[in-house]
1. What spacing in nm lies between the two simple spin-label points modelled at ASP180 and SER123, each 7 Å away from Cα in the Cβ direction?
2. Straight-line reach from LYS59: which lysines fall under 18 Å, measuring Cα to Cα and dropping same-chain residues less than 8 apart?
3. For the chain, with a Gaussian network of springs between Cα atoms less than 10 Å apart, report the residue from ASN65, ASN156, ASN119 with the top mean-square fluctuation.
4. Label-point separation (nm) for THR108 and GLU35, each offset 7 Å from Cα along Cα-to-Cβ?
5. Of the heavy-atom accessible surface of segment 62-136 (probe 1.4 angstrom), what whole percent is carbon and sulfur?
6. What number comes out for accessible area per residue over the chain if the probe is 1.4 Å? Units Å², please.
7. Springs between alpha-carbon pairs under 10 angstrom, Gaussian network model over the chain: which of PHE96, PHE115, PHE157 fluctuates most?
8. On the Cα set of the chain, report Rg and Dmax in Å, please.
Amino acid sequence: MVNRLLTPLALTALVLSSCTRDATITPELEAKWSETGVYNLEVETLEGTPVSLSDYAGKVSLVVNVASKCGLTPQYEGLQALHDELSPMGFTVLAFPCNDFGGQEPGTPAEISSFCTDNYDVSFPIFSKVQTKEGEGQSELYSLLGTKTGDLPGWNFGKYLISHDGTPLGFYSPRTSPSDPELRAAIEAEINR
C-alpha cells in the first residue's frame, strides 16, 4: 500500500507552488478603492495604537505579510538589509504580521516584537496582525492591495511595491527573496523616479 500522506517537504513544495492567489475584484471594490492609495489608510501599530500610513507618503515602500514560525521567516534578514541600505534614499519596509497561513504567527504583539528584535534586529515598522485572505475580517489594506494589483498572498512574505504616492506597483511572490535582482531593480527605479 502506498502512503498517500504528504511528507513535510512535499507539503512545503505544494504550498510554495501556490504562493499567489487571484483577488476577487468586484465593481464595488473598484469603486471603493478608485481614489484611494495605501498612504490614505489608517492601520494600527503592533501595540494597537491607530496610525496613518500617510506618515510614509513620499517614500517607496515594500508591504510584506510576515510570520515568525514560517520556513520563509529568514527573509527578515534580507528585508532588514534592504531597509538599512535603501532607507537613506527614501525607502521603507512595512511589515504586517499574519496568521492566515498555517497558523505561523500565533504570537502576541510583545512576542512578535521580541522575536523580530532578538533574532533579526528589525528596525523597520511592524504593524498589528492582519488578515490578508478575502472575506469577513480582511484588512482594508489587503482589500485595497488585492483590488489594485489583482493578487493576494497565498502564503507568508508576499511583497507589494508601493510608489511615493501610495499606488501599488506590483506584487512579488513569497518565494521572491528580498535580494532578488528584479525586485531590487524595481525598488531602485521607483526611488529614482
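1. The answer from the label model is 2.6 nm.
2. Straight-line reach from LYS59, under 18 Å: LYS159.
3. Of ASN65, ASN156, ASN119, the most mobile in the Gaussian network model is ASN119.
4. Going by the 7 Å Cα→Cβ label model, 4.3 nm.
5. Accessible surface attributable to carbon and sulfur in segment 62-136 totals 48 percent.
6. Numbers: 9530 Å² over 193 residues.
With the other protein chains kept in place, the chain gives 49 Å² per residue.
7. Between PHE96, PHE115, PHE157, it is PHE115 that shows the largest mean-square fluctuation.
8. Rg, Dmax (Cα atoms, Å): 16.5, 61.
The values are calculated or read from the model by the stated rules, or taken from the named source; none is laboratory data. Just so it is clear, the structure is predicted and the values come from calculations on it, not from any experiment. Note that we place each Cβ from the backbone using ideal geometry, even for glycine, and neighbour counts take in every protein chain shown. Side chains included, ligands, DNA and RNA excluded: accessible areas come from the protein's heavy atoms. Shrake-Rupley method; radii C 1.70, N 1.55, O 1.52, S 1.80 Å.
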